[in-house]
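**Student:** Take a look at the following structure, please.
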Amino acid sequence: MHTKLILRIVGLLLMVFSLTLIPPILIALVYQDGGLDDFIKSMIGLFLLGVIMWYPTRNNHHELKIRDGFLIVVIFWTALGFAGAIPMYFASNTFMPPTDAIFESFSALTTTGATVLTSLDTLPHAILWYRQQLQWLGGMGIIVLAVAILPMLGIGGMQLYRAEAPGPVKDSKLAPRISETAKALWLIYLGLTLACAFAYWVAGMNWFDAFAHSFSTVAIGGFSTHDLSIGYYNNVDIEIVAMVFMYLAGINFALHFTAFRNMSNRPYLSDPEFKVYTGILLIGIAISTLYLHYKGFYSDWTESLRYAAFQTISIATTTGFTNAEFAIWPAFLPVMFIFMSFIGGSAGSTAGGMKVIRFILLAKQGSREIKRLLHPNAIMPVKLNGKAVPDRVISAVWGFFSLYVVSFIGLMVLLMMLGMDQVTAFSAVAATINNLGPGLGDVSTNYQTLTSPMKWVLTFAMLLGRLEIFTLLVLFTAAFWRK
């Protein structure tokens, strides 16, 4: 374990993160409604902290090992969660206790979208921008952004990328060098963000709200500048823009890159994960629309389709925007949405959940085991797109699923021990470990009423889900620390 090297890298990353406070400072200067001094002091403090960590270790040069990569990712995400809370804690207009500020910061960076803030419409523009910007940075992963520039500082980044990249297959590259891969991902990410912001503006948002919501839409975060979320606008055009870009952000970014490079839609049409992802959303929309109309919850088909389509895409992709109170919808629909969030979006996307590709592999493996009961001696490889999937990948998927379920149950039981009711505990853990945001029961609209211990448990769940279980839990094993 190269402690000095880790301190050097984390110090550099903290200095880089401090510079991301410049946009909120500019927003505070433009709108003059508070937050300027808070962000300036926070930026200076974080930059100096980074310098203190980096300067004594600046001449330390070693090759990063796999363990170092895992440790740096976890340390940095944890440090960043606490650092990101500083401007919100010291903001004079929010009056947030430390636990709430840390919860809000981790929720933003992990793109969960669970909030403890109320009266968003009255908060300073700088604070609102900052929350959205944190989600945008966390969406693709600030570590991936960092590995694009670390080579210029003499630091290899493959170990960081392996620990940070979402999904079961982490060694595929879009370009020969990992730095080029990171840059390609961010170019796609930036392009989608700008296109989304422009589309929101054309649909009726002002420029501030358009950019703020594009950050959380493409990041699949769900934070809004209004208490009523997208429902604040009551605008079908805005909802259509949100649905389109939530859908696009839930697709593997490697597919976007390949399709753009080849100027063809074939990469999408030939990808099994994309087909299943799209099929799940369409089935969810159909069921929701039919049931809402059958129960007479809305007056006509078009209204049922409008709200059903939006909420299905929002919850299934783990975005968490709302245009209606889906928690009060009839019968099984709210629970169905929560279960859809467990599947989440595609691997290599900004979505949370277990990822569609794992769902596919689990289903195929389950089918194979049933067939083996009838043909115990047959050789039946699990195939994906015509190619056999290595048994090591299948084992990893089953291991991930097992840890996901065990972690979910453990966190849910812990919350119930702390006094939370069953429905709220179930949905709160699901909403945080899946990086979804809104839940059911007491957390259907806000997490403010929860006790501090409950918020700390859910903060851990957010980080666990964002780092996809293994990256965080591997640090709790004796083998990781054994020389």
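The values are calculated or read from the model by the stated rules, or taken from the named source; none is laboratory data. Bear in mind the structure is a predicted one, so any value in this text is a computation, not a measurement. Virtual Cβ from ideal backbone geometry, glycine too; neighbours counted across all protein chains shown.
**Student:** From T445, T471, T432, T451, grab the single residue that is β-branched (V, I, T) and touching a Ser or Thr at 6+ places or on another chain (Cβ under 7 Å).
**Tutor:** The match here is T432.
**Student:** Let me ask another. Which of the residues spanning the range 8-67 are β-branched (V, I, T), free of Cβ contacts under 8 Å to residues at least 60 places away in the same chain and within 14 Å of W129 (Cβ to Cβ)?
**Tutor:** Passing the criteria: only I22.
**Student:** Looking at S427, S407, S402, can you tell me which residue is of a type in the set (S, T, Y), surrounded by fewer than 16 Cβ atoms within 10 Å (Cβ to Cβ) and in a helix (DSSP H, G or I)?
**Tutor:** Among S427, S407, S402, only S402 is of a type in the set (S, T, Y), surrounded by fewer than 16 Cβ atoms within 10 Å (Cβ to Cβ) and in a helix (DSSP H, G or I).
**Student:** While we're looking at this one, here's another question. Where in the range 91-186 are the helices (runs of 4 or more DSSP H), entirely inside, with at least 1 residues that are modelled with pLDDT under 75?
**Tutor:** Passing ranges, in order: 142-149, 158-164.
**Student:** So G353 fits all but one of (1) in contact (Cβ under 8 Å) with a residue 60 or more places away in the chain; (2) within 20 Å of S214 (Cα to Cα); (3) in contact with a Phe, Trp or Tyr (Cβ under 9 Å, 6 or more places away or on another chain); (4) not β-branched (V, I, T); what number is the exception?
**Tutor:** (2)
**Student:** For residues in the range 356-386 being part of a helix (DSSP H, G or I) and of a type in the set (K, R), which is nearest to the chain's Cα centre (by Cα)?
**Tutor:** Restricting to residues being part of a helix (DSSP H, G or I) and of a type in the set (K, R), the top hit is R358.
**Student:** For the range 8-25, does any single residue satisfy the condition of being of a type in the set (K, R) and surrounded by fewer than 18 Cβ atoms within 10 Å (Cβ to Cβ)?
**Tutor:** No.
**Student:** If L71 meets every condition in (1) crowded, with 22+ Cβ neighbours inside 10 Å; (2) within 20 Å of L117 (Cα to Cα) apart from one, which number is that one?
**Tutor:** Of everything listed in (1) crowded, with 22+ Cβ neighbours inside 10 Å; (2) within 20 Å of L117 (Cα to Cα), L71 misses just condition (2).
**Student:** Does T445 qualify as being loosely packed, with under 12 Cβ neighbours inside 10 Å and part of a loop (DSSP other than H, G, I, E, B)?
**Tutor:** no
**Student:** Mind checking which residues of the range 305-328 are surrounded by fewer than 22 Cβ atoms within 10 Å (Cβ to Cβ) and either in a loop (DSSP other than H, G, I, E, B) or basic (K, R) (or both)?
**Tutor:** R306, A324, E325
Yes/no matrix, rows are residues, columns are (1) farther than 30 Å from L185 by Cα; (2) surrounded by fewer than 12 Cβ atoms within 10 Å (Cβ to Cβ); (3) touching a His at 6+ places or on another chain (Cβ under 8 Å):
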residue: A331; (1), (2), (3): yes, yes, no
residue: G353; (1), (2), (3): no, no, no
residue: R368; (1), (2), (3): yes, no, no
residue: N377; (1), (2), (3): yes, yes, no
residue: P381; (1), (2), (3): yes, no, no
residue: L436; (1), (2), (3): no, no, no
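**Student:** Working carefully through the options I370, I338, I360, I328, find the one that is modelled with pLDDT of 85 or more, β-branched (V, I, T) and in contact with a strand residue (DSSP E or B) (Cβ under 8 Å, 6 or more places away or on another chain).
**Tutor:** That would be I360, the only listed residue that is modelled with pLDDT of 85 or more, β-branched (V, I, T) and in contact with a strand residue (DSSP E or B) (Cβ under 8 Å, 6 or more places away or on another chain).
**Student:** Moving to a separate point now. What number goes with the only condition from (1) surrounded by fewer than 24 Cβ atoms within 10 Å (Cβ to Cβ); (2) touching a Ser or Thr at 6+ places or on another chain (Cβ under 9 Å) that S119 does not pass?
**Tutor:** (2)
**Student:** Anything in the range 221-254 that is farther than 15 Å from G191 by Cβ, crowded, with 19+ Cβ neighbours inside 10 Å, of a type in the set (A, V, I, L, M, F, W, C) and out of contact with any Asp or Glu (no Cβ under 7 Å at 6 or more places or on another chain)? List them, or say none.
**Tutor:** Selection gives F223, I238, V241, A242, M243, M246.
**Student:** Right, S314: hydroxyl-bearing (S, T, Y) and either under 29 Å from A184 (Cβ atoms) or touching a helix residue (DSSP H, G or I) at 6+ places or on another chain (Cβ under 7 Å) (or both) or not?
**Tutor:** yes
**Student:** Oh, and also: Does the range 255-273 hold any residues that are touching a Ser or Thr at 6+ places or on another chain (Cβ under 7 Å) and either surrounded by fewer than 17 Cβ atoms within 10 Å (Cβ to Cβ) or touching a residue at least 60 places away in the same chain (Cβ under 8 Å) (or both), and which are they?
**Tutor:** E273
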